[in-house]
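To start, the structure under review is shown below, and the notes come after it.
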Amino acid sequence: MSPFRSHMKAALAAARAAAARGEVPVGAVVVSPGGTVIAAAGNRTRELNDPTAHAEILALRAACAAAGSERLPGHDLYVTLEPCPMCASAISQARIARLYYGAADPKSGGVAHGPRIFQHPQSHHVPEVYDGIDAAEAEALLKAFFAARRG
């Protein structure tokens, strides 16, 4: 087994790209069992006029298309912000093996906050969850984005 290698920097790059497009800076990457990033995405809800176009959903869609399957067993997902309930449900449906996320989201999160999707009996698959990965950088991106909007 190879040593752990974080792919959060790639997710942060996708978040910065989202911010440059005027989207809330959240980024996500899907990593294959072999350790290769197979999909990356940032939020595109405004650009696509689609409330489901969260970074996680877009990355999962691209990874599933690349895999030719609706499920991604053995794959990892890195996301800069704690997934919302919608995204947490999609992560479960996709059978993601491990979820790594950066900043906590007490207001809208669905993993450690809010409905805690993976703790529900209806959640048929529960990934391993690791939080706080590069959290300070993810939080700083979000704070700077919203401060500029309020300024």
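The values are calculated or read from the model by the stated rules, or taken from the named source; none is laboratory data. In this text, all values refer to a predicted model and were calculated from it rather than measured experimentally. Backbone-built Cβ (ideal geometry, glycine too); neighbour counts: all protein chains shown. The area values use the complete protein model at the heavy-atom level, side chains included, leaving out ligands, DNA and RNA. Shrake-Rupley method; radii C 1.70, N 1.55, O 1.52, S 1.80 Å.
Do you know which of the residues in the stretch 36-54 that are touching an Asp or Glu at 6+ places or on another chain (Cβ under 9 Å) and open to solvent by less than 60 Å² (accessible area, probe 1.4 Å) is nearest to Arg5 (Cα to Cα)?
Result: Ala41.
Are any residues in the stretch 96-117 more than 21 Å from His7 (Cβ to Cβ) and in contact with a helix residue (DSSP H, G or I) (Cβ under 7 Å, 6 or more places away or on another chain), and if so, which ones?
Across the stretch 96-117, the qualifying residues are Gly110, Gly114, Pro115, Ile117.
Please name all residue pairs, on different chains or six or more residues apart, with Cβ atoms under 6 Å, provided the first residue is in the stretch 102-127 and is of a type in the set (Ser, Thr, Tyr) and the second residue is surrounded by 14 or more Cβ atoms within 10 Å (Cβ to Cβ).
These pairs meet every condition: Ser108/Cys84; Ser123/Ser92; Ser123/Ile117.
Report the residue count in the stretch 82-126 for those that are open to solvent by 40 Å² or more (accessible area, probe 1.4 Å), over 26 Å from Ser69 (Cβ atoms) and of a type in the set (D, E, K, R).
Residues that pass the stated criteria total 2.
Exactly one condition in (1) touching a Gly at 6+ places or on another chain (Cβ under 7 Å); (2) farther than 18 Å from Glu23 by Cβ is false for Ala136; which is it?
Single failed check for Ala136: (1).
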